[in-house]
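The values are calculated or read from the model by the stated rules, or taken from the named source; none is laboratory data. Keep in mind it's a predicted model, so treat the numbers as computed, not measured. As a convention, Cβ positions derive from the backbone with ideal geometry for all residues, glycine included, and neighbour counts pool all protein chains shown. To get the accessible areas, we keep the full protein, side chains included, count just its heavy atoms, and leave off ligands, DNA and RNA. Shrake-Rupley method; radii C 1.70, N 1.55, O 1.52, S 1.80 Å.
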Amino acid sequence: MATANSIGSAAAPAPFHPAAPIGTLGCHLARRLVQIGVRDVFSVPGDFNLTLLDHLVDEPGLNLIGCCNELNAGYAADGYARSKGVGACVVTFTVGGLSVINAIAGAYSENLPVICIVGGPNSNDYGTNRILHHTIGLPDFSQELRCFQTVTCAQAVVNNLDDAHELIDTAISTALKESKPVYISIGCNLPGIFHPTFAREPVPFFILPKVSNQQGLEAAVEATAEFLNKAVKPVIVGGPKLRFGQAQKAFVELADASGYPIAVMPSAKGLVPEHHPHFIGTYWGAVSTSFVGEIVESADAYVFVGPIFNDYSSVGYSLLIKKEKAIMVHPNRVTIANGPSYGWVFMADFLSALAKKLKRNSTALENYRRIFVPPGIPLRCEKDEPLRVNVLFKHIQEILGGDTAVIAETGDSWFNCQKLRLPENCGYEFQMQYGSIGWSVGATLGYAQAAKDKRVIACIGDGSFQVTAQDISTMIRCGQRTIIFLINNGGYTIEVEIHDGPYNVIKNWDYTGLVDAIHNGEGKCWTAKVKTENELVEAIATATGAQKDSLCFIEVFVHKDDTSKELLEWGSRVSAANGRPPNPQ
């Protein structure tokens with residue numbers, strides 16, 4: 001690899017001028033966060049973390065953002081990490097930790113380095129038989145730690161200053177190396193105490209680059225090139241682990257050199273440039289972009305780069321992909337069809353080397369262009385005709401640009417946003433592997449705070465919004481100018497299409513009234529209700545014009561059965577997969 005991943009190790013790192021006294025654990029942790037690229041920390045105060053929060057506040061390079069609950073603080077750190085490469089949140093012991101853990105599990109599933117910091121008990125209470133508040137009433141303080149062990153790649157319980165420096169630095173550097181969350185618990189009495197291990201400015205991390213086994217790399221490239229150069233109509237499909245493999249540039253290099261058409265798995269949308277001349281759309285089995293499923297599944301060779309095949313991405317295990325035709329490129333391994341597998345071969349190295357060995361072959365791309373028929377345009381709504389979802393997304397498409405980013409909530413927004421064509425530099429994020437409803441509110445807060453050069457456009461269903469609505473408050477307080485389209489269709493539409501029942505119907509809220517109450521005249525916020533296309537056009541014009549510097553919340557009323565055709569197909573197949581009877585014993 002060309003360069004080391006030297007986090008915070010630039011030739012001339014920016015000087016720190018902290019108000020906090022040098023030599024304390026709290027000051028060291030704050031500076032470490034700044035060094036690795038964190039500028040905003042999402043927190044909920046509690047008595048065990050208050051002195052630590054004082055030190056984070058005193059660090060001029062950090063902005064402490066108080067959230068309405070720990071779950072949203074974790075989601076915000078997730079969204080922040082998607083833009084900045086790393087995020088951080090701070091909560092209190094057990095009641096805070098077990099609240100944020102759902103968000104940390106989601107970050108783990110998405111390979112996001114999130115530093116989850118917990119204010120822990122007084123160091124003197126460890127090893128005693130005392131029962132503390134914020135616990136389940138047992139003199140065992142390890143419950144929270146045990147829960148986090150399964151959803152983080154490293155854990156550090158700091159209750160002794162002598163090894164605090166090592167524990168903190170090891171945990172943070174592990175998060176960066178593994179691209180996974182870590183858990184750090186800090187005794188509540190330790191942040192402000194001087195200790196000689198913290199007496200000097202922390203030396204910036206230098207993360208050694210992962211270098212491929214050269215012999216393995218050469219063998220993998222040779223075998224893959226031989227396989228692909230014999231193929232008649234090969235294709236390339238990008239997967240979600242492109243980000244973890246830091247291989248987006250190398251992926252484009254391969255696409256340019258090979259002439260193959262490129263598609264993306266649904267959870268990789270936004271990781272591959274859709275303005276690329278070889279881009280054909282999303283491969284998602286039976287619910288693929290038109291003509292993409294046919295081109296991919298009829299290919300005689302396909303290169304999957306960083307794929308995740310689960311029941312959702314495989315549409316209930318119904319993909320027509322054959323192992324003997326597939327090259328599987330994982331972050332550190334390449335497997336060729338039913339044949340050899342090469343370990344310690346890193347994705348970016350492999351793709352760049354392979355690009356130099358392939359014969360150019362545009363057969364599949366030419367086939368695609370021959371059969372392609374441009375998608376139809378939704379019919380314009382008649383005056384006073386109720387707004388349709390496809391008309392809504394036609395207008396959302398028109399406001400996308402390189403200075404915007406789309407956040408798609410779990411639900412039908414997955415499918416409707418998947419059909420948006422992303423302009424160059426337009427961001428796109430959603431959480432497909434974990435699929436936690438409500439994720440998008442906190443993630444929007446975090447992403448918008450990290451990517452201040454972009455206007456975030458969030459598409460959120462009413463059921464998901466009810467889970468995490470409170471942190472609209474934090475968006476307003478931070479002066480964010482996101483446009484939120486709240487899609488009010490009266491329930492959990494994605495669940496309806498998998499398995500319907502009365503539990504999928506929710507109590508309707510006055511959503512704009514709620515946001516107006518949260519706004520309470522403080523900060524910039526504008527709301528609108530829209531029921532027709534004309535009202536939608538007017539609302540978007542206001543949001544992108546007179547209210548362009550405000551948080552804009554547009555409640556869109558649609559029929560409860562107005563869903564994408566993709567959701568109907570996907571839901572029936574996932575339902576069938578969920579309903580498989582037990583195998584005979």
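Checking each residue in the range 125-170 for being of a type in the set (S, T, N, Q) and under 21 Å from Ile104 (Cα atoms) picks out Thr135, Ser142, Gln143, Gln149, Thr150, Thr152, Gln155, Thr170. Restricting attention to the range 212-250, the residues that are farther than 28 Å from Val264 by Cβ and either loosely packed, with under 13 Cβ neighbours inside 10 Å or out of contact with any Phe, Trp or Tyr (no Cβ under 7 Å at 6 or more places or on another chain) (or both) add up to 3. A count restricted to the range 333-357 and to residues that are in a loop (DSSP other than H, G, I, E, B) and in contact (Cβ under 8 Å) with a residue 24 or more places away in the chain stands at 8. Note on the range 508-585: enclosed helices (runs of 4 or more DSSP H) holding 1 or more residues that are surrounded by 15 or more Cβ atoms within 10 Å (Cβ to Cβ) and in contact with a strand residue (DSSP E or B) (Cβ under 7 Å, 6 or more places away or on another chain) are 511-519, 533-544. Quick test of your reading of the structure: Thr152 fulfils all but one of (1) part of a loop (DSSP other than H, G, I, E, B); (2) open to solvent by 20 Å² or more (accessible area, probe 1.4 Å); (3) β-branched (Val, Ile, Thr). Name the failing condition by number. (2) is the only condition that Thr152 fails. Return a yes/no flag: does the range 373-391 have any residue that is without any contact (Cβ under 8 Å) to a residue 24 or more places away in the chain and touching a Lys or Arg at 6+ places or on another chain (Cβ under 6 Å). Scanning the range 373-391 turns up at least one residue that is without any contact (Cβ under 8 Å) to a residue 24 or more places away in the chain and touching a Lys or Arg at 6+ places or on another chain (Cβ under 6 Å).
Quick grid of which residues meet (1) farther than 18 Å from Tyr108 by Cα; (2) touching a residue at least 24 places away in the same chain (Cβ under 8 Å); (3) of a type in the set (Gly, Ala, Ser):
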| position | (1), (2), (3) |
| --- | --- |
| Arg421 | yes, yes, no |
| Cys426 | yes, yes, no |
| Met432 | no, yes, no |
| Leu445 | yes, yes, no |
| Ala448 | yes, yes, yes |
| Ala451 | yes, yes, yes |
| Arg455 | yes, yes, no |
| Asp462 | yes, yes, no |
| Thr468 | yes, yes, no |
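Being more than 21 Å from Gln248 (Cα to Cα), at pLDDT 95 or above, of a type in the set (Phe, Trp, Tyr) and not in a helix (DSSP H, G or I) is true of Phe485. Please work out if Arg82 is over 19 Å from Leu445 (Cβ atoms) and either within 28 Å of the chain's Cα centre (by Cα) or among the hydroxyl-bearing types (Ser, Thr, Tyr) (or both). No. The residue of the range 255-271 that is farthest from Tyr428 (Cα to Cα), among those that are of a type in the set (A, V, I, L, M) and open to solvent by 10 Å² or more (accessible area, probe 1.4 Å), is Ala257.
Restricting the range 430-441 to residues that are buried (at least 23 other Cβ atoms within 10 Å of the Cβ) and not hydroxyl-bearing (Ser, Thr, Tyr), the residue that is nearest to Phe553 (Cα to Cα) is Val441.
Taking the criterion of being part of a loop (DSSP other than H, G, I, E, B) and free of Cβ contacts under 8 Å to residues at least 12 places away in the same chain, would at least one residue in the range 393-401 satisfy it? The answer is no; no qualifying residue exists. A single entry from Leu98, Leu112 fulfils the requirement of being of a type in the set (A, V, I, L, M), within 18 Å of Phe48 (Cβ to Cβ) and not assigned by the TED database to the domain that holds Thr468: Leu98. Selection of the range 419-458 for residues being under 17 Å from Trp284 (Cα atoms) and over 11 Å from the mean Cα position of the chain (by Cα) yields Lys419, Leu420, Arg421.
Given the structure, is Leu167 at pLDDT 95 or above, part of a helix (DSSP H, G or I), touching a strand residue (DSSP E or B) at 6+ places or on another chain (Cβ under 6 Å) and surrounded by 18 or more Cβ atoms within 10 Å (Cβ to Cβ)? So Leu167 passes the test.
Within the set Ala364, Ala353, the sole residue that is surrounded by 11 or more Cβ atoms within 10 Å (Cβ to Cβ) and out of contact with any strand residue (DSSP E or B) (no Cβ under 8 Å at 6 or more places or on another chain) turns out to be Ala353.
Any residue at all in the range 442-459 that's open to solvent by 30 Å² or more (accessible area, probe 1.4 Å) and in a helix (DSSP H, G or I)? Scanning the range 442-459 turns up no residue that is open to solvent by 30 Å² or more (accessible area, probe 1.4 Å) and in a helix (DSSP H, G or I). Here Arg369 clears all of (1) open to solvent by 50 Å² or more (accessible area, probe 1.4 Å); (2) in a loop (DSSP other than H, G, I, E, B) except the condition numbered (2). Residue count for the range 397-421, restricted to those that are surrounded by 16 or more Cβ atoms within 10 Å (Cβ to Cβ) and touching a Leu at 6+ places or on another chain (Cβ under 7 Å): 5. Screening Thr474, Thr493, Thr468, Thr482 for residues that are over 19 Å from the mean Cα position of the chain (by Cα), in the same structural domain as Val406 (by the TED database), polar (S, T, N, Q) and open to solvent by less than 10 Å² (accessible area, probe 1.4 Å) leaves exactly one candidate, Thr474. Take Tyr302 and tell me if it is crowded, with 23+ Cβ neighbours inside 10 Å and out of contact with any His (no Cβ under 8 Å at 6 or more places or on another chain). So Tyr302 passes the test.
Only residues that are part of a loop (DSSP other than H, G, I, E, B) and either modelled with pLDDT under 95 or within 13 Å of Thr24 (Cβ to Cβ) (or both) were counted in the range 194-216, giving 13.
Taking Asp162 as the residue in question, decide whether it is part of a helix (DSSP H, G or I), open to solvent by less than 50 Å² (accessible area, probe 1.4 Å) and either over 21 Å from Glu59 (Cα atoms) or out of contact with any His (no Cβ under 7 Å at 6 or more places or on another chain) (or both). Answer is no for this residue. The one condition from (1) over 30 Å from Gln246 (Cβ atoms); (2) among the acidic types (Asp, Glu); (3) open to solvent by less than 60 Å² (accessible area, probe 1.4 Å); (4) not in a loop (DSSP other than H, G, I, E, B) that Glu385 does not meet is (4). Examine the range 517-527 for a residue that is of a type in the set (Ser, Thr, Tyr) and over 30 Å from Arg573 (Cβ atoms), and state whether such a residue exists. Among the residues of the range 517-527, at least one is of a type in the set (Ser, Thr, Tyr) and over 30 Å from Arg573 (Cβ atoms), which makes the answer yes. Within the range 171-194, the residues that satisfy the criterion of being surrounded by fewer than 18 Cβ atoms within 10 Å (Cβ to Cβ) and more than 28 Å from Gly106 (Cα to Cα) are Asn189, Gly192, Ile193, Phe194.
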